[in-house]
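All remarks here apply to the structure that follows.
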Amino acid sequence: MSTNTSTEARRGKAPAGERVADWADGRLGIYSLAKTNMRKIFPDHWSFMLGEVCMYSFIILILTGVYLTLFFHPSMNEVEYHGSYIPLQGQMMSEAFNSTLHISFDVRGGLLIRQIHHWAALIFLAGMFVHMMRVFFTGAFRKPREVNWLFGFLLLVLGMFTGFTGYSLPDDLLSGTGVRFMEGAILSVPIVGTYLSMFLFGGEFPGGDFVARFYSVHILLLPGIMLGLMVGHLILVFYHKHTQFAGPGKTNNNVVGMPLLPVYMAKAGGFFFLVFGVITAIAAIASINPIWSMGPYRPDQVSTGAQPDWYMGFSEGLIRTMPGWEINLWGHTLVLGVFIPLVIFPLVLVAIAVYPFIESWVTGDKREHHILDRPRNAPTRTAFGAAWISWYFVLMIGGGNDLWATHFHLSINAITWFVRVGFFVVPVLVFIATKRICLGLQRRDRDKVLHGRESGIIKRLPHGEFIEVHEPLSQDALHTLTAHEQYKPVEIGPTVDENGVERKVKGTEKLRAKLSEAYYGEESQIPKPTVEEYKEITSGHGHH
Amino acid sequence: MSSQDIPEENLPAEQDAHGAVSVADDKDPFADPGLPPHEHRIQDIDERAAKRSERTVAMLFTVSMLATVGFIASYVGIPHDKAIYVFPIGHINALNFALGLTLGLALFSIGAGAVHWARTLMSDEEIADERHPIEAPPEVKAKVMADFKQGAKESALGRRKLIRNTMFGALALFPLSGVMLLRDLGPLPGTKLRHTLWSKGKLLVNMNTNEPLRPADVAVGSLTFAKPEGLEEHDENFQTEIAKAALMIVRLQPANIKDKRELEWSHEGIVAYSKICTHVGCPISLYEQQTHHVLCPCHQSTFDLSDGARVIFGPAGHALPQLRIGVNDEGYLEALGDFEEPVGPAFWERG
Ligand code: HEM
Ligand code: FES
């Protein structure tokens, strides 16, 4: 036992908790860690909880997932069912399906845990999606947070694959159909498609291997990587400190909020239980993935209305609406009708992932940004994000084309064509509309700053005219509404130097100038009010 | 692409050009007035309100304890196969319902208690913390660069090129062993995707009755599913074989068959087609008898069975392969060979 003199003197007096902490500090240095972090400041805004929802549902997934592994048998051996669900008795099914039935009907609480696991997966992915959108629209991805943006993006993509592999594990009719799609899509890859498929399935589809292989990917490989990424993500959040919205007392050099201990810890810790509680209640009330009503997978059978989980919907839309192009040349087949969707699928995702790098190239801004943008104040970015979402949703509509058709009595053909045209047109329209709305809101902010807020009080002037009284804004509000930055478009600069020698303007330079004009030109932002304008209006002839 | 070439004046003025947390001044009405004064909550000034909050929090934690007791009681007391009717959900499993609600309540009340405690009783005074640039100051950077140079020099990696090159070689090659080890994940494709269990003389066995089919068993307007004789559900390879061999049979009026080869390969108007969609492999399951169209439920590819099963709608890229059939001496339908082209989704080697 090594104790130093100062603790020696207090020996026996220090409370147990402190002695444990001392022990740990001597080995782990926890006091230095706590010094910087225990009272770390976290700003408060409802949208900052979205990330927490993701983290908590991930923890819930791990907890419930480990429980499921205790009963789930990742095997495709065919067995005859003799469990307690009468309608399926005597049917042939894989052990995977059999054990999932066992979990659902014979393990007390098994169904609940299965349903929590599945609901948590849906909420996890929805949470990540919305969280990513919050980061996008507020510009929180700007320097120094680009790496963390990529971590988050990878989490979303890996989450989609983890979800897909998990969904396939019970080997039911619906999920097997999904796996079959995947196999068909892999086969379409030029040159190596058949090899990839054989290697993935250990032979021809479905073979006897994929459940076991998906299992280790689902419970070990992907969650392991995701856990690492998530820890990295959180360390970076701590290290960079949280962003905040502009407001009185909030600058790019400080962070205003409540300390980790106690307020944030209680709120965030409590929020974990709230999320867990709500998901559990949903799992009690709403059944999900009732595999017994679908039955075991058979490659020659199908249930109608086959739908993947929501997050895969957009890939489904791609594959449904793509025309069935097939090119046969020199004894080979290029299956464009399937391969093109397979290529667009990652491209849709990558489009949003690389956006921060494009924006920072256009602005050429190398400073750190800790104050969030209000979406209206970055109209081009906001319009791009909205267009991206609309793209995603157009494809999701395509993914459910049969449901739309039956629910709304539309023809599938019409929906397919809507999606085909919409794929190109809707994002453009949404882009234009969003930009206009943003500019309108900027104008309104400008008016508010210069002319004050409409008070709703109508006053009659001596000569009989009615006017609405405008209250001037408080300084808090004035500051908040004018705190944002406005870039000027980049100019190419003189193309002829002092000596009259013509300088070659690089293509990238021109492109950047064009983009910059599109981002920050007169059409793309409303100049924020200047102090002079404000003074002129407020000092002069009263305000209305 | 570096942005060195963007002139400074194009970047907007620094966010806090007014100076951090400056006091309101007459010159700049938009200046940052600084953190607003803290406003007290009722709990901060009225001890009775604080006591009420304390009781609410304690009550929530107590509810959680009771709910956990309820969970245990449900687990022990409710039979796992009992169904109850709950409005408006319908009939659901009673145990799942009880366990889920009690556990959900136990968790939720802990959360609600903690959050209520934080919001009403813990200090809600906002505090400002300073930020420091993420980037290292130039001295630190210089030190690191110097250290690195020193380390690199001491390793002599730059000078002893032979070591460097062979090391890169070794490091680049060894992962190949890992790649090799993946080889046995599966067999090479060979011609596997071109063959199915069908061959000359194999009887067409009705999927539902497990009996060989006679022409008379195939009624006009019905869709019959068949498998090759000898393939049984209990066979080890059943799933993989049926994934390629699944067959659908319909009877048309020979006069309605538009495709010449289709007519030749049919028997008395009975035609047999692969049931596996040529798009990405779903089994086709819907038949419209007036039009002789079959529909794949997965992405709505539609094939015209009276015209060589060509694609008339949807994302599938080519027609369904047809199986040539006839009748054997005993009057049963039989295959006259395997499919002449690969069934299911298209692939590179298909041609
Ligand atoms: C990281 C995010 C995860 C996601 C998005 C996810 C998603 C899913 C989904 C959607 C299912 C299908 C459930 C059903 O309806 O039957 C599933 C099944 C399963 N998951 Fe996960 N999961 C995740 C992590 C984990 C982890 C960490 C484990 C274990 C350590 C795990 C173990 C299992 C098991 C054993 C099954 C099959 C059991 C069954 O279907 O009843 N999961 N997962
Ligand atoms: S699998 Fe049949 S239409 Fe896609």
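The values are calculated or read from the model by the stated rules, or taken from the named source; none is laboratory data. From a predicted model like this one, the values you see are computed outputs, not experimental measurements. Cβ: placed from backbone, ideal geometry, glycine included. Neighbour counts: every protein chain shown. Note: areas computed on protein heavy atoms with side chains; ligands, DNA, RNA excluded. Shrake-Rupley method; radii C 1.70, N 1.55, O 1.52, S 1.80 Å.
Just a few scattered comments:
- Selected residue (only one of A:GLU523, A:GLU536 is open to solvent by 80 Å² or more (accessible area, probe 1.4 Å), of a type outside the set (Ser, Thr, Tyr) and not assigned by TED's automatic domain parsing to the domain that holds A:ALA383): A:GLU523
- Near pairs, Cβ below 7 angstrom, 6+ apart or cross-chain, from segment A:391-405 (of a type in the set (Lys, Arg)) to any residue that is open to solvent by less than 20 Å² (accessible area, probe 1.4 Å) and in a helix (DSSP H, G or I): none
- When the residues of segment B:292-305 are filtered to those that are touching a Ser or Thr at 6+ places or on another chain (Cβ under 8 Å) and within 20 Å of B:SER222 (Cβ to Cβ), the one that is farthest from ligand 2 (Cβ to nearest atom) is B:HIS292.
- Qualifying residue in segment A:245-254 (condition: more than 10 Å from chain B (Cβ to nearest Cβ), in a strand (DSSP E or B), closer than 30 Å to A:SER474 by Cβ and not charged (D, E, K, R)): yes
- Residues of segment A:157-180 satisfying the condition of being among the small types (Gly, Ala, Ser) and more than 16 Å from ligand 2 (Cβ to nearest atom): A:GLY159, A:GLY163, A:GLY166, A:SER168
- Some residue of segment B:158-169 being in the same structural domain as B:HIS293 (by TED's automatic domain parsing), over 39 Å from the mean Cα position of the chain (by Cα) and in a loop (DSSP other than H, G, I, E, B): no
Condition check ((1) modelled with pLDDT under 90; (2) out of contact with any Lys or Arg (no Cβ under 8 Å at 6 or more places or on another chain)) across all residues:
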| residue | (1), (2) |
| --- | --- |
| B:LEU181 | no, yes |
| B:GLY186 | no, yes |
| B:GLY190 | yes, yes |
| B:LEU197 | no, no |
| B:VAL205 | no, no |
| B:LEU213 | no, yes |
| B:SER222 | yes, no |
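- Filtered residues of segment A:233-259 (kept if farther than 16 Å from A:GLY51 by Cα and in contact with a Phe, Trp or Tyr (Cβ under 7 Å, 6 or more places away or on another chain)): A:GLY257, A:MET258
Yes/no matrix, rows are residues, columns are (1) within 16 Å of ligand 1 (Cβ to nearest atom); (2) facing chain B (nearest Cβ under 8 Å); (3) open to solvent by 30 Å² or more (accessible area, probe 1.4 Å); (4) closer than 24 Å to A:THR243 by Cβ:
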site	(1), (2), (3), (4)
A:GLY257	no, yes, no, yes
A:VAL275	yes, yes, no, yes
A:ALA283	yes, yes, no, no
A:SER293	yes, no, yes, no
A:PRO308	yes, no, yes, no
A:ILE319	no, yes, no, no
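- Which listed residue is free of Cβ contacts under 8 Å to residues at least 40 places away in the same chain, under 27 Å from A:ALA513 (Cβ atoms) and not assigned by TED's automatic domain parsing to the domain that holds A:ASN401, from A:VAL354, A:VAL343, A:VAL362: A:VAL354
- Checked against (1) open to solvent by less than 20 Å² (accessible area, probe 1.4 Å); (2) outside any loop (DSSP other than H, G, I, E, B), A:PRO299 passes all but a single condition, namely (2).
- Residue that is farthest from the other protein chains (Cβ to nearest Cβ) [pool: residues in segment B:90-141 that are of a type in the set (A, V, I, L, M, F, W, C), assigned to a helix (DSSP H, G or I) and open to solvent by 60 Å² or more (accessible area, probe 1.4 Å)]: B:VAL140
- If the condition is being more than 9 Å from ligand 1 (Cβ to nearest atom), over 21 Å from B:PHE108 (Cα atoms) and of a type in the set (A, V, I, L, M), then segment A:60-82 contributes A:MET76, A:VAL79.
- Any hit, segment A:129-147, residues being among the hydrophobic types (A, V, I, L, M, F, W, C), surrounded by fewer than 23 Cβ atoms within 10 Å (Cβ to Cβ), in the same structural domain as A:LEU318 (by TED's automatic domain parsing) and within 15 Å of ligand 1 (Cβ to nearest atom): yes
- Cβ-Cβ under 8 Å pairs, at least 6 apart or on other chains, segment B:183-196 side surrounded by 10 or more Cβ atoms within 10 Å (Cβ to Cβ), far side assigned to a helix (DSSP H, G or I) and among the aromatic types (Phe, Trp, Tyr): B:LEU185/A:PHE199; B:GLY186/A:PHE199; B:GLY186/A:PHE201; B:LEU188/A:TYR195; B:PRO189/A:TYR195
- Failed item in (1) open to solvent by 50 Å² or more (accessible area, probe 1.4 Å); (2) within 16 Å of B:ASP184 (Cα to Cα), with A:SER216 passing the rest: (2)
- When B:ILE325 is tested against (1) more than 14 Å from chain A (Cβ to nearest Cβ); (2) in contact with a helix residue (DSSP H, G or I) (Cβ under 8 Å, 6 or more places away or on another chain); (3) of a type in the set (A, V, I, L, M, F, W, C), only condition (2) is not met.
- Condition met for A:PRO223 (away from every other protein chain (no Cβ under 14 Å) and modelled with pLDDT of 90 or more): yes
- For segment B:224-254, a residue qualifies if it is within 26 Å of A:PHE210 (Cα to Cα) and among the aromatic types (Phe, Trp, Tyr), and exactly one does: B:PHE238.
- Single unsatisfied condition, A:GLY90 versus (1) surrounded by fewer than 18 Cβ atoms within 10 Å (Cβ to Cβ); (2) farther than 21 Å from A:GLN301 by Cβ: (2)
- Cβ-Cβ contacts under 6 Å between residues 6 or more apart (or on different chains), taken from a first residue in segment A:110-127 that is under 9 Å from A:SER57 (Cα atoms) to a second residue that is within 16 Å of ligand 2 (Cβ to nearest atom) and not basic (Lys, Arg), are absent.
- Segment B:265-286 - residue that is at pLDDT below 90 and out of contact with any helix residue (DSSP H, G or I) (no Cβ under 8 Å at 6 or more places or on another chain) and, of those, nearest to the other protein chains (Cβ to nearest Cβ): B:SER285
- Of all residues in segment A:368-412 being within 24 Å of A:MET128 (Cβ to Cβ) and of a type in the set (S, T, N, Q), the one that is farthest from the other protein chains (Cβ to nearest Cβ): A:SER390
- Scanning segment A:153-199 for residues that are under 14 Å from B:LEU185 (Cβ atoms) and facing chain B (nearest Cβ under 7 Å) gives A:THR194, A:TYR195, A:MET198, A:PHE199.
- Applying the condition of being under 23 Å from A:PRO308 (Cα atoms) and open to solvent by 10 Å² or more (accessible area, probe 1.4 Å) to segment B:298-317 and asking which residue is nearest to the chain's Cα centre (by Cα) yields B:GLN300.
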